[in-house]
Amino acid sequence: MATTTAAALQDPLGAFRQMSMNQRFTWLAGLAVLIALVVVTLMWTSRLDYQVLYTNLSERDGGAVIGELQKLNVPYRITGGGAVIEVPSAQVYATRMKLAAGGLPKGAGVGFEVLDKEPMGTSQFVERINYQRALEGSLGRTIESLSAVESATVHLAIPKPSVFLSESEKPSGSVLLKLYPGRVLSGAQVAGIVHLVASAVAGLSDQGVSVVDQDGNLLTAGPKADSGIQPEQLAYRNTVEQQYRKQIEALLAPLVGRDGVRVAVSADIDFAKTESSSVVYGQGHLLSQQQQSTSSNGSASLPAGVPGALTNQPPGGVTAPFTVGSASAPLTPEQFAQITPSLKTLAPTAASSSATNNYDLDKTVSHTQMPVGMVKRLSVSVLVNDQAKAGKAAPISAAQLAQMKQLVENAIGFDTKRGDTVSVVNMPFTAAQTEAEKALPVWRQPWIWDGVRQAVPYVIALILGLMAYRAMRRAATGGGRRPKGGAAEPTSASADGAPTGGEPGSTGPGAGFERATAGMPGALAPDTVHLSNTLETDAAISRELVKQDPRRAAQVVKEWLSDGQ
């Protein structure tokens, strides 16, 4: 091996000529790979390391930045489809500072930094306009952080505050979005943008924000939301109906088959928000009690009479006679003195009483808020196909239909108070559709295509693996071919001890000649064949061999042609 290597180094062109086609191809491929590695290494070590200077610049700002870089003689390159400007990593920060000194990039919109340079004596009107500009620019930058949004422009209409409630106006806003090609915003993302803008402005509601894309498509419902049902409500209703439908189909499929039942559900959803409050007072108990009473009889001198000046004068003497029994018999002074004590006892008695009772009452306060989206009423219709019995389609009995109806009512939570209705009907389906489904050939059956789709990746992986294994095996055997007889190639040694004949490294017509003439009757010795170096000697030996066995000579030529391919 050392001698062969030294000879190859001394005469590389001769060694290359002695190689077979496969060995030449392998040697050239390795040389090409080595040259490619050297070139890539040189390019890698000599190239500049670029880093990002600015990204997502507007076209105006991008052109201004590139023009300034050309003036500063700073190398740059544009990547990312024109959205990224890169410069050498050693000049990134210095270039940014130079561009910032020149006011670049200006940006698509201003933010709250506009308020950092408010001059002295700025009027209130200018301050309000600058604040609105800063708010709009800041909201635009925030919306642009979404992956699908290329640029965003926000306009706010903020009315001047008024001290009169009747003259106050609500603010409104609009958003113009420029989306990246091939990207769209989902309903949840649009709702998030609307809520973001509404939350940033005092008094602004979600209904007062409109979102439009670059094609002029209105992405929000806007004022039309007050005239009917919201799209979210329709989606919620469809979800509820689909859930009930799946439950019923899964329940009846084991009985009548998946293709033997059709279900339709109509749900009446209450989207009204209801709140109620109630206060209940129970039977109270006595907390405190206070009583007061006064009384007086006729012996006490009680004030009487009409208030005024006449009441203060003493009354005159009594002149009217008192009579007892009859008017003709007046009382004598002695009789009047006897009955005076009795008259005093008959005088009226004055009495008064008062009582104060304090009670503590029981109080119950309840606040009830009804959930939004409650099911007010359900209407379910179930259509069942006829069942096959003894090879013929037969209708389902009334008892079975009643049992199916009971199962459906239990599945949906049937409630007669809210007016739910369930109808289960047995009718034969269209025969043409059923026969068409059964008449599908085997190769069009869904399960066949499912299996094919699952098996294709494995088949491709198996083919690639076999091809790689075959290539590796051919590379390991040196690309040689065995004789058609299948016998092992004989090996012989040259004068210097190098193997010949069956050695995979043996090349040239001589090697094929030795393999073809091995075992031929009357053939020359392998050493003689190997040591023949002149063209005349080889020609003489070939003529002699052709004379001895022409058939074998034809086989030798055929082997040469096979080795040359």
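Coordinate-derived values only; no laboratory data. Quantities reported herein were computed from a predicted structural model and do not represent experimental measurements.
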Spelling it out for Asp213: with amide H atoms placed in the peptide plane at 1.01 Å from N, the residues 5 or more places away or on another chain with amide H under 5 Å from its amide H are Leu177, Leu219
P(r) for region 20-165, please, calculated from all Cα pair distances in 5 Å bins and given in %. 1, 7, 11, 12, 12, 11, 10, 7, 6, 5, 4, 4, 3, 2, 1, 1, 1, 1, 0, 0, 0
Filter on Lys170/Lys376; Lys98/Lys178; Lys246/Lys389 - keep pairs with C-alpha separation over 29 Å: Lys170/Lys376; Lys98/Lys178
